[in-house]
């Protein structure tokens, strides 16, 4: 009898794919290989494929990337990698927003007192150098995330070709009649001395004085109510705007009362009287009541400036708080401005660029507005015009960069006309043609567009694209299409520095000066620049069209804050220039909070930097986390969450390793088993694989990546590792290496591997490439997994009857496992292979189980033997099926570890007949060696 080392006769898995990923070190090498092999260029080389264009919204080129950037770039990368695999030419052109106040402000702070001696061109050059440095820094970080794109040719808003196209869009919108210059109240930052767009403000709680102020009625109003004396009471949380008061607004439909108090006859809305007089601490008696329209166009006296104001009617007056009588300063509020315009109140805004009161504020001239506010309150208390004062906490707009409070202030600005043009209507109509993910995004942007005021597109800074408009000495606008064309051509050649580099005479040129009979010495240039939201808002032209792609693009994908930012600015510039929408679909993601759901903040110390995650765990773990969370809402990230993500990753990696190890000696071209010849469980596994493919296609197409992660994890961990791979292990390891049984299983493993590597590649790109490298060459169709194609669903492998049959077998297996575990807990058996399963099947739905051979059924249950009895056994959850677990009969096979009553072979020792037959084949083929 031969002495054999049985372990050396097994078909054990063989692969160099390591169990330990070592991602942080390995990914950098993989990036280098992708770049060297020009994988991105090859992935979009076939121009005959249909185009899928995801347009990248430009991050601002200032500071390190954060996890919000990471989730955004990774989501885009997942989509584009999948689309390429599905046969699309899906380019990715990354971009950066490089103009604007934050960079200019940073340079001003860095240079300090030196700024005063710097020319505009010097300051702009410093801004440019800083911005480009930030672009390179962020570019490196985005590439490290595993994002595949044209990073050698990104779009950058400071580039001359971009700026020129931006001005062409401005020209079109201007010539379409949508651009105007006017005096209107706008968000103004006294800190940075510029107008701000709505998207550039954020709200914070502040404490402000809330005051009730009486304003004495003039005779025309007193005659209307039939009294000798009375005062209208207003309530305001911005006492500093009282010097700008020109009116009091009432609502024509409200009932107002005149109340007798110790402070005189006071007018307030009847419905608010109880609340208001309680605040004022006054007893009150109603002596008159009237509708608001009674006092329209009557007058009152300003409480501390020698002038009268007008009582007007306005729909924005509500009964939510105050007195129903609204202090109206058209120079300091949008509603006030609109209402004041109807009554020709005029515009008064006695605050300068720095937030200091002007001469129009009288005695408060020169005071910063908040300091003036304190003095105004004090003076009104002394004169008795304040009836109540209290400190209240309320939400107030702040500059999103300086974090300081802003003010509403009337200044001359350039606007795009949203309110009195067809832009709003056309934009709202376009929303119906756009698909939103999630769907609530449509209502969000719609509600914003419905109430959006005119867009303030001018900024009083120098780091940006100038508004190329000229004025004559009468301050009238000089605009001619060919002058604009000349400016644009110069910008395309030299960049927007020309606006500060050359005089008006040089910019317009002798020929055009003569053509329009212009005196160069009497011409001045506009000093404002375009809003950076206009910069990024025209990328549908400056990038998409300019690079030869068609509009509308397939997808815009950004954070949910862009409903009021980039999504709107892109839509408005597109509608106003071409009447068409810029995108077909919008996908938004939420913000990233810490593990407790708190906003990440450096002051709290709960921020997590992407680079720290990458250095510790690897980019693939960060990518897997992004794919595992429901990005449609705010998501959470912490060390604990990353550790759990790493655990999930290891399970997927181990499945891949097992698959690789068991196909190492399999050549799909020579060893593949036809579907009809496969073992039933192998056909079941293919059935599950095809169903998975079908689900994944739908989930990827609908951008439901969090469900993809769940489906792949369930397939790998539950269906494969805990079920199918367990069941076929004996076949893989113990059957003869070229046997039908083993090749049948290997055929399925190869198919699973081919799909798994593709399914995970958009998410776990580094790991998928590592798997690809270790796969047998016959299973690959390209040099990189990022260049391969998706394998279509084989509908013929989806078998509902087989599915139902194996659901029952799986349920029975669970019941058997429970009984085995009960015996194990009692110490009656050790391994499952120590068991003999005795079944009593009275349920007709389970009669089919008896059709399986004892050997095959024992493989399914992972036990040594199967037997049947007709007497009732231990109950299970399955009605009509009872089970008993006995110790297996016979002896243990030294090769497969199963127990058998037929152990013992004259030539090969303590093995089963099956194992003896395999060893005999090995000996015949010269593959068996005696133990040394």
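The values are calculated or read from the model by the stated rules, or taken from the named source; none is laboratory data. Keep in mind that what you see is a predicted model, and the values were worked out from it rather than measured. Using ideal geometry, Cβ is built from the backbone for each residue, glycine included, and neighbour counts are taken over all protein chains shown.
At a glance:
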{"quantity": "Residue selected from the stretch 857-872 under the condition crowded, with 16+ Cβ neighbours inside 10 Å and out of contact with any strand residue (DSSP E or B) (no Cβ under 6 Å at 6 or more places or on another chain), by the criterion nearest to residue 741 (Cα to Cα)", "calculated": "859"}
{"quantity": "Extreme residue, surrounded by the fewest Cβ atoms within 10 Å (Cβ to Cβ), among residues of the stretch 16-40 that are part of a loop (DSSP other than H, G, I, E, B) and modelled with pLDDT of 95 or more", "calculated": "38"}
{"quantity": "Which listed residue is more than 23 Å from the chain's Cα centre (by Cα) and over 20 Å from residue 473 (Cβ atoms), from 547, 524", "calculated": "547"}
{"quantity": "Condition broken by residue 598, with the remaining ones in (1) loosely packed, with under 14 Cβ neighbours inside 10 Å; (2) at positive phi satisfied", "calculated": "(2)"}
{"quantity": "Residue check, residue 177 touching a residue at least 60 places away in the same chain (Cβ under 8 Å), surrounded by fewer than 16 Cβ atoms within 10 Å (Cβ to Cβ) and assigned to a loop (DSSP other than H, G, I, E, B)", "calculated": "yes"}
{"quantity": "Residue identified as farther than 30 Å from residue 460 by Cα and free of Cβ contacts under 8 Å to residues at least 60 places away in the same chain among 37, 70, 45", "calculated": "45"}
{"quantity": "Residues being loosely packed, with under 14 Cβ neighbours inside 10 Å and within 16 Å of residue 579 (Cα to Cα) - total across the stretch 423-454", "calculated": "4"}
{"quantity": "Residues of the stretch 757-791 classified as assigned to a helix (DSSP H, G or I) and either buried (at least 23 other Cβ atoms within 10 Å of the Cβ) or in contact (Cβ under 8 Å) with a residue 12 or more places away in the chain (or both), total", "calculated": "18"}
{"quantity": "Filter result for residue 68 (surrounded by fewer than 21 Cβ atoms within 10 Å (Cβ to Cβ) and within 19 Å of the chain's Cα centre (by Cα))", "calculated": "yes"}
{"quantity": "Residue in the stretch 159-171 that is assigned to a loop (DSSP other than H, G, I, E, B), surrounded by fewer than 19 Cβ atoms within 10 Å (Cβ to Cβ), under 29 Å from the mean Cα position of the chain (by Cα) and modelled with pLDDT of 90 or more present", "calculated": "yes"}
{"quantity": "All positions within the stretch 236-257 that are more than 22 Å from residue 347 (Cβ to Cβ) and crowded, with 22+ Cβ neighbours inside 10 Å", "calculated": "256"}
{"quantity": "Test set (1) assigned by the TED database to the domain that holds residue 828; (2) surrounded by fewer than 18 Cβ atoms within 10 Å (Cβ to Cβ); (3) not in a strand (DSSP E or B) - residue 930 fails condition number", "calculated": "(1)"}
{"quantity": "Filtered residue count, the stretch 262-281, keeping only those that are in contact (Cβ under 8 Å) with a residue 24 or more places away in the chain and within 14 Å of residue 213 (Cα to Cα)", "calculated": "10"}
{"quantity": "Single residue of 306, 315 found to be closer than 26 Å to residue 270 by Cβ, out of contact with any helix residue (DSSP H, G or I) (no Cβ under 6 Å at 6 or more places or on another chain), surrounded by fewer than 21 Cβ atoms within 10 Å (Cβ to Cβ) and assigned by the TED database to the domain that holds residue 385", "calculated": "315"}
{"quantity": "Check on residue 63, under 21 Å from the mean Cα position of the chain (by Cα), in a loop (DSSP other than H, G, I, E, B), surrounded by fewer than 16 Cβ atoms within 10 Å (Cβ to Cβ) and outside the structural domain of residue 784 (by the TED database)", "calculated": "yes"}
{"quantity": "Subset of the stretch 41-51 [part of a loop (DSSP other than H, G, I, E, B) and either out of contact with any helix residue (DSSP H, G or I) (no Cβ under 8 Å at 6 or more places or on another chain) or assigned by the TED database to the domain that holds residue 749 (or both)]", "calculated": "45, 46, 47, 48, 49, 50"}
{"quantity": "Every residue from the stretch 281-303 that is out of contact with any helix residue (DSSP H, G or I) (no Cβ under 8 Å at 6 or more places or on another chain) and either crowded, with 19+ Cβ neighbours inside 10 Å or not assigned by the TED database to the domain that holds residue 383 (or both)", "calculated": "292"}
{"quantity": "Residue 722 being in a helix (DSSP H, G or I), surrounded by fewer than 21 Cβ atoms within 10 Å (Cβ to Cβ) and in contact (Cβ under 8 Å) with a residue 60 or more places away in the chain", "calculated": "no"}
{"quantity": "One residue from 701, 674 being without any contact (Cβ under 8 Å) to a residue 12 or more places away in the chain, within 36 Å of the chain's Cα centre (by Cα) and over 18 Å from residue 809 (Cβ atoms)", "calculated": "701"}
{"quantity": "Filtered residue count, the stretch 434-453, keeping only those that are modelled with pLDDT under 90 and part of a loop (DSSP other than H, G, I, E, B)", "calculated": "2"}
